1. Please grab the % of Cα pairs in the chain that end up more than 30 Å from each other.
2. Please give the helix 152-175 orientation as an angle from the longest Cα principal axis of the chain, in degrees from 0 to 90, rounded to the nearest 10.
3. Around I146, which amide H atoms from residues at least 5 apart in sequence, or from another chain, sit under 5 Å from its own amide H, with H modelled in the peptide plane?
4. Over the Cα atoms of region 1-98, each weighted equally, I'd like the Debye log10 I(q)/I(0) at q = 0.24 Å⁻¹, rounded to two decimals.
5. Can you give the three extents of the C-alpha atoms in region 191-281 along their principal axes, from longest to shortest, in whole Å?
6. Longest segment of the chain with no GluC sites (Glu not before Pro) in a DSSP loop having at most 11 other Cβ atoms within 10 Å?
7. Going 7 Å from the Cα of F228 toward and past its Cβ, which residues in region 239-255 have a backbone nitrogen under 14 Å from where you end up?
8. Using Cα springs under 10 Å in a Gaussian network model of the chain, which residue among A123, A169, A11 shows the largest mean-square fluctuation?
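Every number here is computed from the coordinates shown, using simple stated rules; none is lab data. The structure displayed is predicted, hence computed values, not measured ones. Methodologically, a virtual Cβ is constructed for each residue, glycine included, from the backbone with ideal geometry; neighbour enumeration extends over all protein chains shown.
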Amino acid sequence: MVKVVFIGGFAYGKIVYDYLEQNKFAALDLCITHPDDQAKVDLVNFPNDEKIIKDVSANKHIEKIQKIGPDFIFVSGWSELLNIKLIRSAKKGAIGFHPSRLPNDRGRSVLAWQIEEGYEDTALSMFHLSEMPDCGDIIAQEKITIDFEDTIKEVLAKVGDATYNLMRAYFPLLREGKAPRMQQNLWDGNFRRLRKERDSKIDWNRNSLFIYNKVRAITHPYPGATAFINNEKYKIWKCQILNFRLGEHLAPGSLVATLFDNSLVVRTRDGFIQVMKYEKI
């Protein structure tokens, strides 16, 4: 049996926690997760238990983790950069998960960037944490398809499935010291920045495909895209690209029509978008 500490949250973090909690070869001695009232996207509340600490920072609990002396620390669904002392307190490794095909798309908000840019697939990488974010040795990667109709909600669900698959396949190998390790070339790949409010704004001068991808990248459970239509501000949750001929003379951002179902047809740089779910803000 190996001693394990878990740090994380969200639905896909809960998958790792549940797997470790139920695995007879793992002694889960400590879990650090988000407070129940923390306003987070896709936040999943963990049970109240004496071995579960609910805090915004895991780094505050380095000494407690060091006293446990875990064989492994598993981290999933946690945005805080972990102190190298905390990482090194794991005797056999601190293991993280990142939703990209590392070394590509290291950093923050990667799923939203990938969907907005029209990726047709990505991967979930299981890797050893190191001093530099998302730069440690790769254990394994599972491909995740991003279908044209998928929103961030569907992609997050696929990340959850991949998380379970990787834990089930590679936790036994980690226990036995037989898991693969592939060193990353730090000169390869790229880093993504954390998305800001400005990244949620729709520019109707962009093409219809880009706008469609932006909307599905940040719809529920994310904050949603914002746009001005005829000088009124909207939050847009769902749209589709139209093959529409009427109103081609209008400027991008113009409201071309309001349909019988109250959906809106809006001019873009190269065509038309039907805004199907929205609210005025």
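1. Above the 30 Å cut-off, the chain has 38 percent of its Cα pairs.
2. Helix 152-175 sits roughly 20 degrees off the main axis of the chain.
3. D121, T122
4. Treating every Cα as an identical point scatterer, log10 I(q)/I(0) equals -1.40.
5. 41, 25, 22
6. 177-247
7. Only 252-255 pass the distance filter.
8. A169
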